[in-house]
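Participant: Dropping a structure here in structure tokens format, bear with me for questions.
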Amino acid sequence: MGGSRVVPGVIAPRPSDAVPPASFEEIYRRHERDVVRYLTLLLRRPDDAEDLAADTFRRAFEAWRDGRGPAGRPLPWLLTIARRQALNRWRRRRLIEWLPLPVGRRDLGAEASSADREFWLWLDALARALPERQREVLFLRYRRELNDTEIGEVMGLSASGVRSLRARAIQSLREHPELLR
């Protein structure tokens, strides 16, 4: 259950993550859209997500400058900062809404085929039946391609907790009436 299965045409590998970033500007270029999408998932407000992404990158830059940059891949580090920012905002406002997996045309990119788009739109509709943490774990695993340890860092779970949460989400999807037709 530990490894990920690559589905051709659905999940494209991200070779840019294999090469460590040379500068903070490179981290920003590589992951700004990922952070905004993740915050949109959490906040359900694109304008708030953009604002919070700016705060996330400001905090990340301060940490980078002070020698407290990522120990591993930068994306889990950034998403952890973003999640903390979102939770702090939620605590202040006591208002957080969750979106299903964001898979609109902009998210899939021009290179996605109509079958890819149709699949992700179908999965998006199906995932709305899942509890918010299950949606989040699926988003981080299959749309952001984070491993269990990285997802655990972002969500505050152990790697085994992530695997368990993901397994429950997948089982719920398997049992969904839409799939049983």
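Taken together, the values in this text are just the output of simple stated rules run on the coordinates, not laboratory data. Since the model is a prediction, treat every value here as computed from it, not as a measurement. Every residue, glycine among them, receives a Cβ derived from its backbone with ideal geometry; neighbour counts consider all protein chains shown.
Participant: Length gain on complete extension for the stretch residue 159 to residue 58, per 0.36 nm per residue less the alpha carbon to alpha carbon distance?
Facilitator: So the chain would gain 33.5 nm between residue 159 and residue 58.
Participant: Then there is this: What's the local net charge at residue 148, with K and R +1, D and E -1, over the other residues with C-beta under 11 Å away? If you can, show how the numbers build up before the last one.
Facilitator: Working: positive: 141, 163, 166; negative: 150, 153.
Local charge sum for residue 148: +1.
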